[in-house]
Amino acid sequence: MTAKIALITGATSGIGEACATLFAQQGYQLVLIGRRTDRLQKLSAQLAAQYLVPVMPLVVDVRDKTQLQALLEELPQEWKKVDVLINNAGLSQGLDPIDKGNTDDWDTMIDTNVKGLLYVSKIVSNWMIPHHSGHIINIGSIAGQEVYPNGNVYCATKHAVDALNKGMRLDLLPYGIKVTAINPGAVETEFSIVRFKGDEERAKKVYQGFEPLMAQDIADAIWFAVSRPAHVNINDMLIMPTAQASATIINKN
Ligand code: NDP
Ligand code: 8X3
């Protein structure tokens, strides 16, 4: 039997990297997407050597729909039978009230978290449809369920992911394609370093005084959803650190 294929966006760190590792462990062939060439090449080589699975690294920005389409459509036909798409690439930029927000940051978040996810989903769902199978995992957030002060645009993008997750499930239902949202609370990754534009001290403080989730916790939840029997779909899953009750209420020491 040929190996199953998972396509993971944002595989160069955090949740995407943990998913790449877990799916390689499970024997999946991987298409990995990210912008940082060195990291993507290194991870791909390491997973291929350690787990003996074929890995196809694609260095591309999911916001660049022309390049994205060209690279994906150029893949050899056998790589297009994607069984699992993990729409994970995403980010937050800044944490400011609406009147002080940086409009370039807004563009980056909307273009990556919403439009990038759409571009990838359109291409890959068209590969899944003829097979009448496949599973799309959309990484949402607690920020897609609640809105917190200064989270405005990031929260809006994750609410959009929630709506798109539901919309995709409706539209792809006739083709037997599963669609699942995984919505994490605080996960210690590079997320806050990116949000605070490289300010590692500020980023570290986000996770101080409680035990946050780790990227592996989210990869495990994704694997749970993907490994259910054919007749079972997990529509969505909200996963929080035990110390976190809502977007803003965290029991810190
Ligand atoms: P990281 O910053 O560690 O990882 C983000 C990944 O997305 C990186 O691999 C980055 O790769 C990739 N990425 C960002 N922009 C682009 C782009 N334009 N094109 C291609 N790849 C891109 O953060 P996380 O692992 O935490 O984030 C993963 C997802 O989880 C995001 O969607 C985030 O919103 C969501 N999330 C995170 C939570 C958290 O607390 N950490 C909680 C809830 C949801 P590169 O820079 O190489 O392109
Ligand atoms: C990331 C988690 O709470 O910073 O989606 O929005 S949060």
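Restricting to segment 82-91, count the residues that are in a loop (DSSP other than H, G, I, E, B) and either more than 16 Å from ligand 2 (Cβ to nearest atom) or polar (S, T, N, Q) (or both). Write out each step before concluding.
So in segment 82-91, the residues in a loop (DSSP other than H, G, I, E, B) come out as 82-83, 88-91.
Now narrow it down to the ones that are either more than 16 Å from ligand 2 (Cβ to nearest atom) or polar (S, T, N, Q) (or both): 82-83, 88.
Residues that pass the stated criteria total 3.
Applying the selection to segment 92-143, what residues are more than 23 Å from residue 229 (Cα to Cα), part of a helix (DSSP H, G or I) and among the aliphatic types (A, V, I, L, M)?
Correct list: 109, 110, 114, 117, 118, 120, 123, 142, 143.
Of everything in segment 177-211, what is part of a strand (DSSP E or B) and either surrounded by fewer than 16 Cβ atoms within 10 Å (Cβ to Cβ) or of a type in the set (Gly, Ala, Ser) (or both)? Give them in sequence order.
Applying the first criterion (part of a strand (DSSP E or B)) to segment 177-211 yields 178-184, 187.
The one that is part of a strand (DSSP E or B) and either surrounded by fewer than 16 Cβ atoms within 10 Å (Cβ to Cβ) or of a type in the set (Gly, Ala, Ser) (or both): 181.
Output the number of residues of segment 85-101 satisfying the condition of being β-branched (Val, Ile, Thr) and surrounded by fewer than 24 Cβ atoms within 10 Å (Cβ to Cβ). Give the derivation first.
We begin by selecting, within segment 85-101, every residue β-branched (Val, Ile, Thr); these are 86, 98.
Now drop any that are not surrounded by fewer than 24 Cβ atoms within 10 Å (Cβ to Cβ), which leaves 98.
Qualifying residue count, segment 85-101: 1.
Among (1) within 13 Å of ligand 1 (Cβ to nearest atom); (2) modelled with pLDDT under 95, where does residue 1 come up short?
Every condition holds for residue 1 apart from (1).
Please indicate, with yes or no, whether at least one residue in segment 181-203 is touching a residue at least 40 places away in the same chain (Cβ under 8 Å), among the β-branched types (Val, Ile, Thr), more than 21 Å from residue 93 (Cβ to Cβ) and more than 12 Å from ligand 2 (Cβ to nearest atom).
Looking for residues that are touching a residue at least 40 places away in the same chain (Cβ under 8 Å), among the β-branched types (Val, Ile, Thr), more than 21 Å from residue 93 (Cβ to Cβ) and more than 12 Å from ligand 2 (Cβ to nearest atom), one finds none in segment 181-203, hence no.
Hey, does segment 60-73 have a residue that's within 24 Å of residue 177 (Cα to Cα), part of a loop (DSSP other than H, G, I, E, B), at pLDDT 95 or above and among the aliphatic types (A, V, I, L, M)?
Checked segment 60-73: at least one residue is within 24 Å of residue 177 (Cα to Cα), part of a loop (DSSP other than H, G, I, E, B), at pLDDT 95 or above and among the aliphatic types (A, V, I, L, M).
Mind counting the residues in segment 119-141 that are in contact (Cβ under 8 Å) with a residue 12 or more places away in the chain, of a type in the set (S, T, N, Q) and closer than 17 Å to residue 167 by Cβ?
First pass over segment 119-141, keeping only residues in contact (Cβ under 8 Å) with a residue 12 or more places away in the chain: 119-121, 123-125, 127-129, 131-141.
Going one step further and asking which of them are of a type in the set (S, T, N, Q), we end up with 121, 125, 133, 138, 141.
Subset that is closer than 17 Å to residue 167 by Cβ: 121, 125, 138.
Qualifying residue count, segment 119-141: 3.
Are any residues in segment 1-13 surrounded by fewer than 24 Cβ atoms within 10 Å (Cβ to Cβ) and either basic (Lys, Arg) or under 16 Å from residue 217 (Cα atoms) (or both), and if so, which ones?
4, 13
Just give me the residues in segment 149-163 being of a type outside the set (Gly, Ala, Ser) and under 24 Å from residue 235 (Cα atoms), in sequence order.
154, 155, 157, 158, 159, 161, 162
For every residue, the table says whether it meets (1) touching a Cys at 6+ places or on another chain (Cβ under 9 Å); (2) surrounded by fewer than 16 Cβ atoms within 10 Å (Cβ to Cβ); (3) without any contact (Cβ under 8 Å) to a residue 40 or more places away in the chain.
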site	(1), (2), (3)
32	no, no, yes
37	no, yes, yes
45	no, yes, yes
66	no, yes, yes
69	no, yes, no
81	no, no, no
106	no, no, no
117	no, no, no
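Only one of 164, 173 is surrounded by 14 or more Cβ atoms within 10 Å (Cβ to Cβ), part of a helix (DSSP H, G or I) and either modelled with pLDDT of 95 or more or away from ligand 2 (no atom under 12 Å from the Cβ) (or both). Can you tell me which? So that I can check it myself, show each step before the final result.
Details: 173 fails: surrounded by 14 or more Cβ atoms within 10 Å (Cβ to Cβ).
Unique residue meeting the criteria: 164.
The values are calculated or read from the model by the stated rules, or taken from the named source; none is laboratory data. Computed from a prediction, not measured in an experiment: that's the story for all the values here. Every residue, glycine as well, gets a Cβ built from its backbone with ideal geometry; the counts of neighbours run over all protein chains shown.
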